[in-house]
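Data first, discussion second: the structure below is written as structure tokens.
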Amino acid sequence: MSKPTGNGVNDKLIAIAKENNITTVWDRFMLQEPHCGFGTLGICCKICNLGPCRIDPFGEGAQVGTCGADADTISARNLARNTAGGASCHSDHGRDLALTLLELGRGKAKDYFIKDPVKLRKLAIEFGLKIDGKDDLKIAEELGERILREYGQQEGELTLIKRAPKKQIDTWKKMNVYPKGIDIEVVETMARTHVGVDNEYKHIIECAVRTSLVDGWGGSMIATDLSDILFGSPKPIRAEVNLGVLKEDEVNVLVHGHEPTLSDIIVTASQDKELIELAKTNGAKGINLAGICCTAAEILMRHGLPMAGNFLQQELAIVTGAVEAMVVDIQCIMPSLPDVAKNYHTKLISTSPKAKFKGIEHIEFHEKEALSIAKNILRQAIENYKNRSSKKVNIPKEKMTIVAGFTMENIFHNLGGTFRGTYRPLNDAIISGRIRGVAGVVGCDNPKNESSMCHIDMVKHLVKNDVLVVQTGCSAGACGQAGLLTPEAAFRYAGDGLKEICETVGIPPVLHTGSCVDNTRILTACCEMVKEGGIGNSIDELPVAGAAPEWMSEKAIAIGWYFVASGIYVVLGTPLRVLGSKNVTNYICDEIESTLGGKWAFEGDPIKAAQLMVEHIDKKRKALKLNSLMYAAA
Ligand code: NFS
């Protein structure tokens, strides 16, 4: 039996699942408890067939594996491989978008358009292309080719990493972690962590750092910029979140996964008059398109479409009995979905050539035929509406309004007034002590925690202490469901200084900046804060901090690493699996700060974790000799 999750909507649907003998992630989680101690501590090695080996954490049994690798080597290797896994996922996502851009430029992706031509041109110039006299398509083709070359390049440097402040770049070069290309670093990390190659833990951690940099300042940053070019740069927009966005009398279609190439085209298809008519002739009032996971963030930021749920809610969405189709592509999709769906009429459709699932129908998606494939998928969903059993429908009432769509470019059009796109007002608010600092709270949700509550409690504590919060992904979804992403939330939750700023500019105290690849918007915002001046000459000097209170995926490890590598203090709700090595733990949670400027911390209590972030921000304020806070802290 699973314990209550701390989230009323989830608890109600879990109870319904139980009545129907449907197991969910919480049940499976309980069956895994207690988790393997060796795995949790990171001292189990499965890399070669001398083992699997494990180190006795109590110092009595084996202290080295069969090959002689000790706890330091084993946990560092595991961590580096996890980082490579996360970085490869994000970078592959960026690669797919570059391929879409290339196809579009070559006239082979007729259903896509350049939605932000200004950004296209800016990015092309940044990549060193000559754009004079060239039309958008030509530039798209050349930029696509140029970016793809950066994936395969064997020497040189990444283009977008040059956005980082000089001190960060100098640090990376000095530490020998400055990446040469995107793919090469992931491959090299895999090679160096093979049995008997790189065995010195600090040297292995360099691989993790370098690989994470190709994620944050490479693949993910490319994904964000190309998504803006292809699907439009977001602007602040109102939308709704939580499972209550599903509609009793419409065809509910959920897009779940990560790549906007598919979801964005489904948005277009869902507005097709013929399909809406077809929905009506099938007895529905229309087509209700909503998202799950990061794909939700993509269509929410750009179209104001609702986010039905987070990672943990994907099965529960089906348990509402009201979903005609769930369309999945890649990442964060539970293989358990078919087991849940077989109890309902919900049709599951996988679409990515890279991801198939046992028991899920596969309709492969290609850019060349994008719109017609999207329409075909929607048609199947509409035709499935008649199979919905009203007896099984349990749509929760809960839904919440949020404002999303903040980007590095537009956040401070808001803070600076419509006419001034500058970070001056933010920096001034920090200098004057109205805003204490900025925190990024991001990442997954995890049944190890009361679902979503760690995000919510942490963010409430931060805004109460005048810390402006920026969010992405499932974390933003969680706080959105709790009502923290509206301008009105400032009156309820923010400290007096932050409240004053939010009131003046009309922004929420918690800013939704997109999907997980869009964590790079936080990196570029940090660069802008440095450039604007007055609150530090490099990212590590800024009064900022980061957290992933309920992290679970390897992508979250890669994200955390690139923030740490960029000089930011990052707190995780559950530890990285390194505690079996005192040396590795000490190195990444303490010593590494003296070189990178950032470090990791692990704290399970979200309020205590938020307090650690506040203390870190205060330490940075003190070093910068900034004013004391304008209003007494809450
Ligand atoms: Ni990111 Fe985690 Fe997944 Fe998105 Fe959600 S679980 S690391 S927030 S959907 S990637």
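The values are calculated or read from the model by the stated rules, or taken from the named source; none is laboratory data. Predicted model only: the values in this text are computed from it and were never measured. All Cβ positions, glycine included, derive from the backbone under ideal geometry; neighbour counts span all protein chains shown. Calculation scope for accessible area: heavy atoms of the full protein, side chains included, ligands and nucleic acids excluded. Shrake-Rupley method; radii C 1.70, N 1.55, O 1.52, S 1.80 Å.
Tell me yes or no: at least one residue of region 539-552 is among the aromatic types (Phe, Trp, Tyr), part of a helix (DSSP H, G or I) and open to solvent by 10 Å² or more (accessible area, probe 1.4 Å).
Restricting attention to region 539-552, the residues satisfying the condition of being among the aromatic types (Phe, Trp, Tyr) are 551.
From what is left, the residues that are part of a helix (DSSP H, G or I) are none.
Checked region 539-552: no residue is among the aromatic types (Phe, Trp, Tyr), part of a helix (DSSP H, G or I) and open to solvent by 10 Å² or more (accessible area, probe 1.4 Å).
Just to be sure before I move on: is Lys18 of a type in the set (Lys, Arg) and within 30 Å of Thr189 (Cβ to Cβ) in the structure I sent?
No; evaluated as a whole, the condition is false for this residue.
Among (1) at pLDDT 95 or above; (2) not assigned by TED's automatic domain parsing to the domain that holds Leu160, where does Gly59 come up short?
Just one mismatch for Gly59, condition (1).
Conditions tested, residue by residue: (1) of a type in the set (Phe, Trp, Tyr); (2) in a helix (DSSP H, G or I); (3) within 16 Å of the ligand (Cβ to nearest atom).
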residue	(1), (2), (3)
Leu226	no, yes, no
Glu248	no, no, no
Leu254	no, no, yes
Leu262	no, yes, yes
Glu274	no, yes, no
Gly283	no, no, no
Ile299	no, yes, yes
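Pick from region 223-272 the residues that are in contact with a strand residue (DSSP E or B) (Cβ under 9 Å, 6 or more places away or on another chain) and under 15 Å from Arg521 (Cβ atoms): which of them is least open to solvent (accessible area, probe 1.4 Å)?
The qualifying residue least open to solvent (accessible area, probe 1.4 Å) is Pro234.
Kindly indicate whether Ala556 is within 16 Å of the ligand (Cβ to nearest atom) and touching a Leu at 6+ places or on another chain (Cβ under 6 Å).
Details: within 16 Å of the ligand (Cβ to nearest atom): yes; touching a Leu at 6+ places or on another chain (Cβ under 6 Å): no.
No: the conditions fail for Ala556.
Only one of Leu158, Leu213 is in a loop (DSSP other than H, G, I, E, B), closer than 30 Å to Gly536 by Cβ and open to solvent by less than 10 Å² (accessible area, probe 1.4 Å); which? Steps first, answer last, please.
Working: Leu213 fails: in a loop (DSSP other than H, G, I, E, B).
Result of the check over Leu158, Leu213: Leu158.
Looking at region 524-536, is at least one residue within 16 Å of the ligand (Cβ to nearest atom), open to solvent by 10 Å² or more (accessible area, probe 1.4 Å) and outside any loop (DSSP other than H, G, I, E, B)?
Of region 524-536, the ones within 16 Å of the ligand (Cβ to nearest atom) are none.
No - not one qualifying residue is present in region 524-536.
Kindly indicate whether Gly497 is away from the ligand (no atom under 16 Å from the Cβ), over 26 Å from Val241 (Cβ atoms), touching a Leu at 6+ places or on another chain (Cβ under 7 Å) and of a type in the set (Gly, Ala, Ser).
Values: away from the ligand (no atom under 16 Å from the Cβ): yes; over 26 Å from Val241 (Cβ atoms): yes; touching a Leu at 6+ places or on another chain (Cβ under 7 Å): yes; of a type in the set (Gly, Ala, Ser): yes.
Against the criterion (away from the ligand (no atom under 16 Å from the Cβ), over 26 Å from Val241 (Cβ atoms), touching a Leu at 6+ places or on another chain (Cβ under 7 Å) and of a type in the set (Gly, Ala, Ser)), Gly497 qualifies.
Of all residues being β-branched (Val, Ile, Thr) and not in a helix (DSSP H, G or I) in region 344-386, which is surrounded by the most Cβ atoms within 10 Å (Cβ to Cβ)? Just the residue, please.
Quick first cut of region 344-386, residues β-branched (Val, Ile, Thr) only: 346, 349, 351, 360, 363, 373, 377, 382.
If we keep only those that are not in a helix (DSSP H, G or I) too, we end up with 346, 349, 351, 360, 363.
Values: Thr346: 26, Ile349: 19, Thr351: 28, Ile360: 20, Ile363: 14.
Out of the qualifying residues, it is Thr351.
Checking Gly51 against (1) more than 27 Å from Ile229 (Cα to Cα); (2) open to solvent by less than 30 Å² (accessible area, probe 1.4 Å); (3) in a helix (DSSP H, G or I): exactly one of these is not met. Which one?
(3)
Can you find a residue in region 228-245 that is under 21 Å from Ile559 (Cβ atoms) and among the aromatic types (Phe, Trp, Tyr)?
Residues of region 228-245 that are under 21 Å from Ile559 (Cβ atoms), as a first pass: 228, 234.
Restricting the remaining residues to those that are among the aromatic types (Phe, Trp, Tyr) gives none.
Scanning region 228-245, I find no residue that is under 21 Å from Ile559 (Cβ atoms) and among the aromatic types (Phe, Trp, Tyr), so the answer is no.
Taking region 603-627, which residues are outside any helix (DSSP H, G or I) and over 21 Å from Ile539 (Cα atoms)? Write out each step before concluding.
Initial filter on region 603-627 (outside any helix (DSSP H, G or I)): 603-605, 624-627.
Correct list: Glu603, Gly604, Asp605.
Do the conditions hold for Ser75, that is, is it part of a helix (DSSP H, G or I), out of contact with any Leu (no Cβ under 8 Å at 6 or more places or on another chain) and not assigned by TED's automatic domain parsing to the domain that holds Thr295? Talk me through it step by step, then tell me what you get.
Details: part of a helix (DSSP H, G or I): yes; out of contact with any Leu (no Cβ under 8 Å at 6 or more places or on another chain): no; not assigned by TED's automatic domain parsing to the domain that holds Thr295: yes.
For Ser75, the condition - part of a helix (DSSP H, G or I), out of contact with any Leu (no Cβ under 8 Å at 6 or more places or on another chain) and not assigned by TED's automatic domain parsing to the domain that holds Thr295 - is not met.
Does Ile114 fit the bill of being in contact with a helix residue (DSSP H, G or I) (Cβ under 7 Å, 6 or more places away or on another chain), under 28 Å from Ile330 (Cβ atoms) and either among the β-branched types (Val, Ile, Thr) or free of Cβ contacts under 8 Å to residues at least 60 places away in the same chain (or both)? Steps first, answer last, please.
Numbers: in contact with a helix residue (DSSP H, G or I) (Cβ under 7 Å, 6 or more places away or on another chain): yes; under 28 Å from Ile330 (Cβ atoms): yes; either among the β-branched types (Val, Ile, Thr) or free of Cβ contacts under 8 Å to residues at least 60 places away in the same chain (or both): yes.
For Ile114, the condition - in contact with a helix residue (DSSP H, G or I) (Cβ under 7 Å, 6 or more places away or on another chain), under 28 Å from Ile330 (Cβ atoms) and either among the β-branched types (Val, Ile, Thr) or free of Cβ contacts under 8 Å to residues at least 60 places away in the same chain (or both) - is met.
Would you mind stating whether Ile14 is farther than 15 Å from Arg577 by Cα and outside the structural domain of Cys454 (by TED's automatic domain parsing)? Lay out the reasoning, then the answer.
On the way: farther than 15 Å from Arg577 by Cα: yes; outside the structural domain of Cys454 (by TED's automatic domain parsing): yes.
Here the answer is yes, as Ile14 does meet what is asked.
Inspect all residues belonging to region 311-327 and state whether any of them is open to solvent by 10 Å² or more (accessible area, probe 1.4 Å), in a helix (DSSP H, G or I) and within 16 Å of the ligand (Cβ to nearest atom). So that I can check it myself, show each step before the final result.
Step one: list which residues in region 311-327 are open to solvent by 10 Å² or more (accessible area, probe 1.4 Å), which gives 311.
Then drop every residue that is not in a helix (DSSP H, G or I), which leaves 311.
Among the residues that remain, those that are also within 16 Å of the ligand (Cβ to nearest atom) are: 311.
Scanning region 311-327, I find at least one residue that is open to solvent by 10 Å² or more (accessible area, probe 1.4 Å), in a helix (DSSP H, G or I) and within 16 Å of the ligand (Cβ to nearest atom), so the answer is yes.
Please go through (1) open to solvent by 10 Å² or more (accessible area, probe 1.4 Å); (2) β-branched (Val, Ile, Thr); (3) part of a loop (DSSP other than H, G, I, E, B) for Val578 and return the number of the only condition it doesn't satisfy.
Only one criterion in (1) open to solvent by 10 Å² or more (accessible area, probe 1.4 Å); (2) β-branched (Val, Ile, Thr); (3) part of a loop (DSSP other than H, G, I, E, B) is unmet by Val578, namely (1).
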